[in-house]
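Structure first, then comments.
Bear in mind these aren't lab numbers, they're just calculated from the coordinates by the rules spelled out. Quick caveat: nothing in here was measured; it's all calculated off a predicted structure. Cβ placement follows ideal geometry from the backbone for every residue including glycine, while neighbour counts extend to all protein chains displayed.
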Amino acid sequence: MAITTAESSYEKRIKALFDKQVQMEAREASVIKKVFKFNSNLLDVKEAVVHHHRDVEKLQKVVIQRREEMEKRVSFMEELAQEVEATKQRNLVMREQIKQQKMLVRQRKNEIMESIHTLSKATGTYINREALPARVKGVTVLHGDNRDELIPFDLKATDVEGLDSLCQHLHSLNIDVSQWQQLVSLATEMSMKSHPATPPKDAAKCKSIIEIDLTSPTIQA
């Protein structure tokens, strides 16, 4: 009976040791499993960190690129603003120049009109400015004691001989031909300013009547 009890006690101890070993192996397996899972999670975290760093680098490159583009745009806008301001200043200068030019043109026109009026009165000559610059047309009034003499004329601007003959005739009547010539020249200038787009086809052949030599023999028309 005592032997049976001793064997039973021994078996219990063996069984307890076996159970304890099984438990330890189970715990060891659990720990190994947890360590493996931890390592796996750690690897995933490391890979995620690597991907994150790559994404951050890409984002930084994009940010740098956008910043450079923005700086270029800002620089372009500054240059454009400077160019616009310079253009405004040039336009202001041009407008002022045009204003001054128009003022000078008006002043010159007034001077010419005044000179035409004075010369017309001095020479007794009326110039038909509608006929200019193609033709020199008008009438000169020679005031006499008893009656006035009308000297009409209608010549092509290129008719140098006709103009020479007319000037010789006016000169013989004691009319100041230089004033008469100046009157025609100023009237022609006014006509050219009023109709600049319609010069005569033979304008290049025209000879200013101011250049006519009054010492040359009279040519009868």
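Before moving on, here are some points about what is shown:
- Peptides ranked, highest mean first, by Cβ atoms within 10 Å: ranges 58-69, 124-135: 124-135, 58-69
- Kirkwood hydrodynamic radius of region 1-107, from the reciprocal of the average inverse Cα-Cα distance over all distinct pairs: 23.4 Å.
- Packing rank of 147-160, 89-102, 170-183, where each peptide gets the mean count of other beta carbons within 10 Å, highest leading: 170-183, 147-160, 89-102
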